[in-house]
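The values are calculated or read from the model by the stated rules, or taken from the named source; none is laboratory data. Note that the structure is predicted; figures quoted are calculated from it, not measured. Here the Cβ positions follow ideal geometry from the backbone for every residue, glycine too, while neighbour counts run over all protein chains shown. Accessible surface is based on the protein model in full, side chains and every heavy atom, while ligands, DNA and RNA are left aside. Shrake-Rupley method; radii C 1.70, N 1.55, O 1.52, S 1.80 Å.
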Amino acid sequence: MRLRNNHGVGLSSQDWPPFSRHRYSALSSQEDYRSEESEEFGPVFLQEPDDAIFSLDSDDKKVIMNCEARGNPVPTYSWLINGTIVDPEGDFRYSLIDGNLIIHNASEAIDYGRYQCRAENSIGSVLSRDALLQFAYLGAFSGRTRGAVSVREGQGVVLMCAPPPHSPEIIYSWVFNELPSFVAEDSRRFISQETGNLYISKVQPSDVGSYVCQVKNTVTNARVLIKIMLVNILKQPIISWDKITYCNFKKLPYYLFNYFFLIYIFYVLSPVPTITWRKMSGNIPKKARLRKSQAVLEIPNIQLEDSGSYECKAENTRGGTAFRGHLQVYTLPQWISMINDTQLDSGEQLRWECRATGKPRPTYRWLRNGEPLNSQTDSGMYQCIAENKYGAIYSSAELKILASAPMFSTNPVRLIATVGKDVSLECRPRASPKPRISWRKSDRRVQPSRRIMLLRNNTLRIINSSRSDEGSYVCRAENQFGSAELTTMLLVKEPMRVELNPVRVEVTVGESVVLSCKVTHDPSLDVSFLWLLNNQPLNTQQEGGHFEYIQTVSGFTTDVLLYLMIRSILLKHAGKYGCRAQTSADSVLAEAELLVRGPPGPPGVVIVEEITDTTATLSWSHGVDNHSPITTYNVQARSPVSLGWQTVKTDPEPVTGNMESAMAVELNPWVEYEFRVVATNGIGTGDPSTPSRAVRTKEAVPSVAPANVRGGNGRRHELVISWEPISEEFQNGEGFGYIVAFRANGTRGWKEKMVTSADSTTYKYRDETFPPLTPFEVRVGVYNNKGDGPFSEVVTVFSAEGEPREPPSEVQAFAISSSEIKVIWKLSCWEQVSFWKDMEQEETAKKKRTTGNETTLLLTGLEGNTQYLISVKGFNSAGQGPASSPIKISTKKNAPSLPPGNLMWIQEGNNVSLSWDPVKARDNESEVIGYKVLLRQEGRGHSQVMRTPNSAVVLTLPEGGTYIIEVRAVSEGGEGAASAQVRVLTSSEQILLNSFLVSYSQDLYFLSAV
């Protein structure tokens, strides 16, 4: 379908509502023999010229007006300016590229105006909408000197801007004294964007200074300035009150979808008035906004209903005045209905109507091929133009007048029917005007009867067809341009029969069933089959292997047997199954019903009818029983502290299948619960219902006492009592806390302390009078806003022990390596070891603590060949004891820094002889006492270690694999650097590799090294 580009001034193409293209024609056929690409059609605009503003200050003096259309044949283009044809050949300033008009050295005097593009081909021509070309410029202010302005203090003043010549609109602003100090509009100062004048009400001494009027072109962004002086404020007091001296309602028309401003400004002597607004015939629109100290009423997105009279009123303590103005809203034309492409037979009548709305009401003009209707030829491109004083819109359509002899797209036609069925023989030629139609069978004219009818669309209809109706039928069509015939061969066959068994079957979820379909048909016809479920084609590929088709053909009859096997049936497989058989003559459907029994569906939504501290009365509705009666319901609950859904006890117990309510009992008080119900029948248990809304049980006194009450630790003279906190599930209400009760053994009165935090697990009591490790009887109770709950069992807790009084004894230290020192002492309690370098202060010491009653500690990460001072002090939960006297100990010298060099190795089978140069320690390094050889299989992290005092070793490697060997020197200071790695390959075939001797040096790598 091809859509015409209906267009207009002031609206873009996306503003138009979508419309369809309709054709009215007697020319019809069973298929369209011409494609869109080969069919000729008139021009259709793809792009039309838009309004443009060209800056005269532009370096490129070239204006481009765009136009593009499609059509078949391809359109050609021409342009009009103010209704006059543009001649690119006669004026070198104009040129055409495709449909675009290019204006060189554009001039406002010559080129200002309205432009239209004309697109034309052999079908006709169309005109685009008008596009206004304007020119932007900003002149200089007049060189005439502006005089200084004098005004009395408290009086109003107007500073005139008198803008320079310009196009299009400009923006006014004022600068006070110097940039960037712009004048801010408020209740005393206003800048008119109509005239550019600055209005100041109630002049103050702070207003004296230099004023600059600045104007800016909205297109070119060019700016020009003029300076005005305000001086000589007279100090005489002012008594009278000036009337309003400036009040303005914009007089220009306003269109829908634009902003509208009502502007009012004034100046008085004293005091500054307040401004109010009202609409005389109704309320001011809610979307309206007041700006600039209520001096401006702004109405966005203006609509027709915003029209009316508005009043602005200025009032102060000395009086007031008002001004009224009328707002009239106009609209561009908008289409209600448009014309569409139409095809008519020669001699037919056409009624085309286009309608539009607008204010003022639009008038209409019609064009044919871009000209007024004055031609005797009807075919061509037509345009309806709706216009008012604010714009015009165009609707375009193509009219084709048709004239042709009858023609059939297919000939002959073969039609197969079945005995007893109605059959229709169509006759739909392409012709213009409409042809006369007649039918004959063989050589005899077909006469209408009760059984044979000729329909209005020229179709021959035969009721209750039989074998005698077989034969050749000829439809003849003719008009003044010629004639044509269509032959239809009618064959009548015996009807097809389809039987589907069993007709109704009941099965249980998980079982299997087979449906058989028997089809008897005319053997001369091909037959196709389709299985359906609930009238939808059955797709076995998407059913997870539940369905399988089987088809067999009887060797003695024309019967075809089809089988549908359904395995491991699910509830969703229930429904009406159909077996459809189809030939070119008829289509027959047989159906069977499959009923599936299964677990119940989910019950209806659970409603909480009543809630107490330990019970909830619930109700629900029955779900589907899936053809097996529901026997019982199971009620489940979930809370924020439970592990998922839990079955709860009910009253009654059990809940039978005919019930729709029950009471959940033995709930915990003050817990938020959700409830759901699960149904069970003889087949199984179904899905749960949707959960109820969350509800909280009522509060109650706590019923659970704290567990695992214990104590110990703490500082001297402290009694530390701890317990496991009560979870929120068992707090039973708000205001939950603990009651800690204790008494010294052998005393009678209990001391009780309140712990208000529900999360607390510890209470500390301090008393300087009781000695360390004093036994106490302790119990912990609970409470909430509803009252006190139970106490725990009484346990014995000891007060804290005292901090150590003596330092550890027999402190000794031993250097293990260059980075490790072992410290030992005699047992006292937990210990803290401090260590620092001999040249450092004890305050900088590092500290390391034992994790229990240990008597040894290994210090690591130390510097080699360095003297350290070490002291030990005891500590416990009560505090730290005194430190032992520092002892001095030096770490061993560092391990050798050089690796073993000149590795040489010889492999014989799985035996490897390895040797290297001895490592010599430097003066500041520990002497070498032996070597460590590390062996690991490639790809594994575990290494085998062999120690030797010599610089050679023989290794026996396991069969099959690649092994990596490296050597390190060993000294009292630890292990030295590793040698280069040696890679050795062994094989299960015991193949002897050639012996290699490769020297390892700074410049050469041995072949097997990595």
**Identity of the residue in the range 666-682, in a loop (DSSP other than H, G, I, E, B) and without any contact (Cβ under 8 Å) to a residue 60 or more places away in the chain, that ends up nearest to the chain's Cα centre (by Cα)** = Val671
**Message:** Of the residues Gly154, Gly143, only one is at pLDDT below 85 and open to solvent by 50 Å² or more (accessible area, probe 1.4 Å); which?
**Reply:** Gly143
**Request:** Mind counting the residues in the range 189-204 that are on the phi < 0 side of the Ramachandran plot and open to solvent by less than 30 Å² (accessible area, probe 1.4 Å)?
**Result:** 9
**Message:** Residue under question is Glu426, and the condition is that it be at negative phi, among the charged types (D, E, K, R) and in contact with a strand residue (DSSP E or B) (Cβ under 6 Å, 6 or more places away or on another chain); does it hold?
**Reply:** no
**Message:** For a quick check of your reading: which strands (runs of 3 or more DSSP E) sit entirely within the range 344-449 and have at least 1 residues that are without any contact (Cβ under 8 Å) to a residue 40 or more places away in the chain?
**Reply:** 355-359, 363-368, 380-388, 423-425, 436-441
**Asked** Which one is farthest from Ser727 (Cα to Cα) among residues in the range 623-648 that are surrounded by 14 or more Cβ atoms within 10 Å (Cβ to Cβ) and free of Cβ contacts under 8 Å to residues at least 40 places away in the same chain?
**Response** Val624
**Prompt:** Going by the structure shown, is Ser915 touching a residue at least 12 places away in the same chain (Cβ under 8 Å), assigned to a loop (DSSP other than H, G, I, E, B) and surrounded by fewer than 17 Cβ atoms within 10 Å (Cβ to Cβ)?
**Reply:** no
**Message:** Considering only the range 206-217, I want to know if a residue exists there that is modelled with pLDDT of 85 or more, surrounded by fewer than 19 Cβ atoms within 10 Å (Cβ to Cβ) and closer than 30 Å to Asn66 by Cα.
**Reply:** yes
**Request:** Could you please tell me which pairs satisfy a Cβ distance under 7 Å, a separation of 6+ or placement on different chains, a first residue in the range 753-766 that is closer than 13 Å to Asp788 by Cα and open to solvent by 50 Å² or more (accessible area, probe 1.4 Å), and a second residue that is at pLDDT 95 or above and β-branched (Val, Ile, Thr)?
**Result:** Met754/Ile739
**Request:** Determine whether the range 544-554 contains at least one residue that is more than 30 Å from Thr680 (Cβ to Cβ), touching a residue at least 40 places away in the same chain (Cβ under 8 Å) and not charged (D, E, K, R).
**Result:** no
**Message:** Please pick out the residue among Arg324, Arg361, Arg355 that is farther than 26 Å from Ser281 by Cβ and open to solvent by 10 Å² or more (accessible area, probe 1.4 Å).
**Reply:** Arg355
**Prompt:** Which of (1) open to solvent by less than 20 Å² (accessible area, probe 1.4 Å); (2) part of a loop (DSSP other than H, G, I, E, B); (3) out of contact with any Lys or Arg (no Cβ under 8 Å at 6 or more places or on another chain); (4) of a type in the set (A, V, I, L, M) is the odd one out, the single condition Ala106 does not satisfy?
**Reply:** (3)
**Asked** What tally of residues in the range 849-870 results from selecting those that are over 14 Å from Lys837 (Cα atoms) and without any contact (Cβ under 8 Å) to a residue 40 or more places away in the chain?
**Response** 9
**Request:** Residues being open to solvent by 40 Å² or more (accessible area, probe 1.4 Å) and touching a Gly at 6+ places or on another chain (Cβ under 9 Å): count how many of those fall in the range 433-479.
**Result:** 3
**Item:** Of all residues in the range 458-473 being in a loop (DSSP other than H, G, I, E, B) and in contact with a Ser or Thr (Cβ under 9 Å, 6 or more places away or on another chain), the one that is nearest to Glu494 (Cα to Cα)
**Value:** Ser465
**Message:** Looking at the range 642-663, can you tell me whether even one residue there is touching a Gly at 6+ places or on another chain (Cβ under 6 Å) and within 30 Å of Gly789 (Cα to Cα)?
**Reply:** no
**Request:** Check Lys892, Lys873 and return the single one that is in contact with a Pro (Cβ under 7 Å, 6 or more places away or on another chain), touching a residue at least 40 places away in the same chain (Cβ under 8 Å) and either open to solvent by 20 Å² or more (accessible area, probe 1.4 Å) or assigned to a loop (DSSP other than H, G, I, E, B) (or both).
**Result:** Lys873
**Prompt:** Quick check, is Val953 part of a strand (DSSP E or B), open to solvent by less than 40 Å² (accessible area, probe 1.4 Å) and either at pLDDT 85 or above or over 30 Å from Glu843 (Cα atoms) (or both)?
**Reply:** yes
**Asked** within 26 Å of Val811 (Cβ to Cβ), touching a residue at least 12 places away in the same chain (Cβ under 8 Å) and not in a strand (DSSP E or B): does that describe Ser885?
**Response** yes
**Request:** Starting from the range 455-467, keep only residues that are in contact (Cβ under 8 Å) with a residue 12 or more places away in the chain, then list their pairs with residues that are polar (S, T, N, Q) whose Cβ atoms are within a distance under 6 Å, requiring at least 6 positions of separation or different chains.
**Result:** Thr459/Ser424; Arg461/Ser424
